[in-house]
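Visitor: Here it is, the structure in full.
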Amino acid sequence: QALVYAAAPLQADPLLTESSVAGNPFAVHGAASPVCAVVELRACETGIRYEAAWGLGGTTLAGNVPHSATLEDLGRDIIAQVPNPNTRVYLMLPESETPVSPWQVEQPL
């Protein structure tokens with residue numbers, strides 16, 4: 001509801017609609033959220049294959065997303081495999097030192 005006090009360009013930003021914010025899989029800085037480190041991303045015939053380590057326990061996750069996938073698609077696919085699929089995550093990509101930002105949801109893989 002704070003958006004009603006924001007400048008007009010922010011109010012019109014599609015990433016700030018209630019449904020977009022609610023569906024965003026990525027944690028904001030300072031949130032109490034698990035970390036998931038993607039250790040491999042590779043293109044294959046059926047899409048983009050990934051392997052990731054969830055949390056500090058090192059649970060291994062793997063899957064495929066379409067060639068046209070965005071970071072949001074990857075985040076949602078990963079979260080769908082964990083016990084609490086309603087969580088947000090700090091997603092670390094290979095060779096990156098910072099987690100994916102909630103503003104990067106539309107970025108292609």
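Visitor: May I ask you to derive the FRET efficiency for residue 32 and residue 96 from their Cβ-Cβ distance with R0 = 30 Å, giving the value to the nearest 0.05?
Guide: Plugging the Cβ-Cβ distance into 1/(1 + (r/R0)^6) gives 0.90.
Visitor: Per-residue HN-Hα couplings for region 76-87, Karplus 6.51 cos²θ - 1.76 cosθ + 1.60 at θ = phi - 60°, whole Hz, x for Gly and Pro?
Guide: Calculated HN-Hα couplings, in order: 5, 5, 5, 4, 4, 8, 9, x, 10, x, 8, 7 Hz.
Visitor: What FRET efficiency comes out for residue 6 versus residue 103 if R0 is 22 angstrom and r is the Cβ-Cβ distance? Round to the nearest 0.05.
Guide: Values: r = 15 Å, r/R0 = 0.68.
So, using R0 = 22 Å, E works out to roughly 0.90.
Visitor: So how far apart, in nm, are the two label points at residue 82 and residue 60 if each is 7 Å from Cα heading toward Cβ?
Guide: According to this spin-label approximation, the distance is 1.9 nm.
Visitor: What number comes out for the charge environment of residue 75, summing +1 per Lys or Arg and -1 per Asp or Glu over other residues with Cβ under 13 Å away? Walk me through the intermediate numbers first.
Guide: Details: positive: 76, 88; negative: 72, 73, 77, 106.
My count for the surroundings of residue 75 gives -2.
Visitor: Sum -39500 (n - 2.57) across every DSSP H segment of at least 4 residues in the chain, then divide by the residue count to get the 222 nm mean residue ellipticity, nearest 500.
Guide: Details: 3 runs with 19 residues, N = 109.
Mean residue ellipticity at 222 nm (helix-derived): -4000 deg cm²/dmol.
Visitor: Compute the distribution of all C-alpha to C-alpha distances in the chain, in bins of 10 Å from 0, and list the percent of pairs in each, rounded to whole numbers.
Guide: All Cα pairs, binned at 10 Å, distribute as 14, 45, 29, 11, 2 percent.
Visitor: Just grab the label-to-label distance for residue 53 and residue 40, each label 7 Å out from Cα along the Cβ direction, in nm (one decimal).
Guide: 1.4
The numbers here are math on the coordinates, done by the rules we state, and not lab data. Bear in mind the structure is a predicted one, so any value in this text is a computation, not a measurement. No Cβ is skipped: glycine too gets one built from the backbone with ideal geometry, and neighbour counts run over all protein chains shown.
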